[in-house]
Amino acid sequence: MAIVRWDPFRELVAMQDRLNQFFEETRRADDDVMTHGDWIPAVDIFQTDQHEVVLKAEVPGLKREDIDLRVENNTLTITGERRQEKSVAKEHYHRVERCYGTFSRSFSLPNTIDAEKVRAEYRDGVLSVTLPLREESKPRQIQVDVKG
């Protein structure tokens, strides 16, 4: 029987790695109202100078008919499915790193979004959803009258 030296720091480092992984997964899941499915596409959300909120989701390999986009009760929901190629048998794969299956992501929208004017475009594996702000929520300049 070999004598193995006990290293308490090795166990602490392993525990820290597990905790970091747990909190990273929790942080990503808490960003959305609802996140579920076999995989979760990465998303960027930003506001433009044209008073629009833009959401860009990475969904490479999907066809237009594989994506469903809905705005309902101030919630934007993107669902879809990426299918694995059936022309290759599972036993012929050496490595599978890409995720397949269904996904669903939902995002709470502020009341300032005009849901009737939402537009979407899919190009080069990126789904871009443009959410214009309502006219009444756009900043406007007030004319000041000088009297006297």
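The values are calculated or read from the model by the stated rules, or taken from the named source; none is laboratory data. What you see is a predicted model, and the numbers here were worked out from it, not measured in a lab. All Cβ positions, even for glycine, are placed from backbone atoms using ideal geometry, and neighbour counts span all protein chains on display.
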_Answer from E116, E91 - the residue that is modelled with pLDDT under 90 and out of contact with any Phe, Trp or Tyr (no Cβ under 7 Å at 6 or more places or on another chain)_ = E91
_Pairs please, first residue from segment 67-82 and in contact (Cβ under 8 Å) with a residue 24 or more places away in the chain, second anywhere and assigned to a strand (DSSP E or B) and of a type in the set (D, E), Cβ atoms under 6 Å, 6+ apart in sequence or on different chains._
T79/D68
*Does any residue of segment 61-74 turn out to be part of a strand (DSSP E or B), touching an Asp or Glu at 6+ places or on another chain (Cβ under 6 Å), farther than 30 Å from P139 by Cβ and not β-branched (V, I, T)?*
no
